[in-house]
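**Q** Mind having a look at this structure? Questions to follow.
The values are calculated or read from the model by the stated rules, or taken from the named source; none is laboratory data. This structure is a prediction, so every number in the text was calculated from the model and none was measured. Methodologically, a virtual Cβ is constructed for each residue, glycine included, from the backbone with ideal geometry; neighbour enumeration extends over all protein chains shown.
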Protein chains: 2
Amino acid sequence: MSSIDATTKDPADAAVVVPTTIHVCITCRRPTDPDTFPRPGALLARATATAAVGANIAVRRVRCLANCNRGLSAAISCERRWTYVFGDLEATRDAVALIEGARLLAAADDGVMPWRNRPEALKRGLIARVPPFDHEEVDPDAAAKESP
Amino acid sequence: MSSIDATTKDPADAAVVVPTTIHVCITCRRPTDPDTFPRPGALLARATATAAVGANIAVRRVRCLANCNRGLSAAISCERRWTYVFGDLEATRDAVALIEGARLLAAADDGVMPWRNRPEALKRGLIARVPPFDHEEVDPDAAAKESP
């Protein structure tokens, strides 16, 4: 057996295997932030890129996720999974939360980021989620409830 | 020349050619709505499906886009384009607006739904937008502004 035992390695430290991207809005600032550069959003993007080292998670800088009233903002996307938009993020606090969220989503075979173990910032700051492009729900119960 | 002249046909009536999906939340209701079925969100889904006939736009019913404070909610997705989440929609008013928004997005070669000509409900009700999975911005100006 090698000196590194994969079975005992903390899964939170493992690189994700599903293509995963965090888009961080670099134009974001809160109404109370000064109108100066770098924007707090750009600082969050930088901190997230640092936190992502070794995790196999792409961190990409974007200009505006249209969540300007509740910045700072970031979106977590994984192939074949729901995409999540978060707001009310803090540049100096939430980079690691974004990486943890990305890991949770990448590991979620049902495509949904679990609530349990989700970092607090990604619970309070949830703005919206969008299903995969081809997502189609089969839900006879809902159909029954809708009957007049 | 045929009796139908394609050059004079209103583009708003043409079927879209880029795969396009509108996901409508069927669990949505506003805080002031009664706790009854069908939910207003389900009615919006039904109206949107009707408005989509002939447009080559898929309308899919989903349970929760996590925009519960600003329902009714829907998301418009097109291949190789940004995805848009809208809220504050009205079941009896905004189905056609969603179809118009989907047409605008499908026709947008730069991947961004234009603000001009966007239905008013999709301006006021914009909740967030998410770039395509592989989206990467090249923006030297932004980089310059960020220099300390």
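**Q** So how many residues does region A:75-98 have that are in a helix (DSSP H, G or I) and aromatic (Phe, Trp, Tyr)? If you could, list the steps in order and put the result at the bottom.
**A** The initial filter retains those residues of region A:75-98 that are in a helix (DSSP H, G or I), namely A:95-98.
Now drop any that are not aromatic (Phe, Trp, Tyr), which leaves none.
Going through region A:75-98 one residue at a time, the tally reaches 0.
**Q** B:Arg129: in contact with a Cys (Cβ under 8 Å, 6 or more places away or on another chain) and at pLDDT 95 or above, yes or no?
**A** Taking the combined requirement at face value, the residue satisfies it.
**Q** Name the residue, out of B:Asp134, B:Asp110, that is exposed (fewer than 13 other Cβ atoms within 10 Å of the Cβ) and facing chain A (nearest Cβ under 10 Å).
**A** Step by step, each of B:Asp134, B:Asp110 is checked, and only B:Asp134 is exposed (fewer than 13 other Cβ atoms within 10 Å of the Cβ) and facing chain A (nearest Cβ under 10 Å).
**Q** Would you check which residues across region B:49-87 are without any contact (Cβ under 8 Å) to a residue 40 or more places away in the chain, surrounded by fewer than 17 Cβ atoms within 10 Å (Cβ to Cβ) and under 22 Å from A:Cys64 (Cα atoms) and list them?
**A** The answer is B:Asn69, and nothing else.
**Q** Hey, among B:Arg29, B:Arg46, which residue is within 14 Å of chain A (Cβ to nearest Cβ), modelled with pLDDT under 95 and more than 13 Å from the chain's Cα centre (by Cα)? Break it down into steps so the answer makes sense when it comes.
**A** Working: B:Arg46 fails: modelled with pLDDT under 95.
Matching residue, one of B:Arg29, B:Arg46: B:Arg29.
**Q** For A:Ala45, indicate whether it is assigned to a loop (DSSP other than H, G, I, E, B) and over 19 Å from B:Cys25 (Cβ atoms). Outline the logic, then answer.
**A** Values: assigned to a loop (DSSP other than H, G, I, E, B): no; over 19 Å from B:Cys25 (Cβ atoms): yes.
The answer is no for A:Ala45.
**Q** Right, something else. Select from region A:51-74 the residues that are outside any loop (DSSP other than H, G, I, E, B), more than 17 Å from A:Pro38 (Cα to Cα) and either among the aliphatic types (A, V, I, L, M) or within 14 Å of the chain's Cα centre (by Cα) (or both) and list them in ascending order.
**A** Selection gives A:Ala51, A:Ala58, A:Val59.
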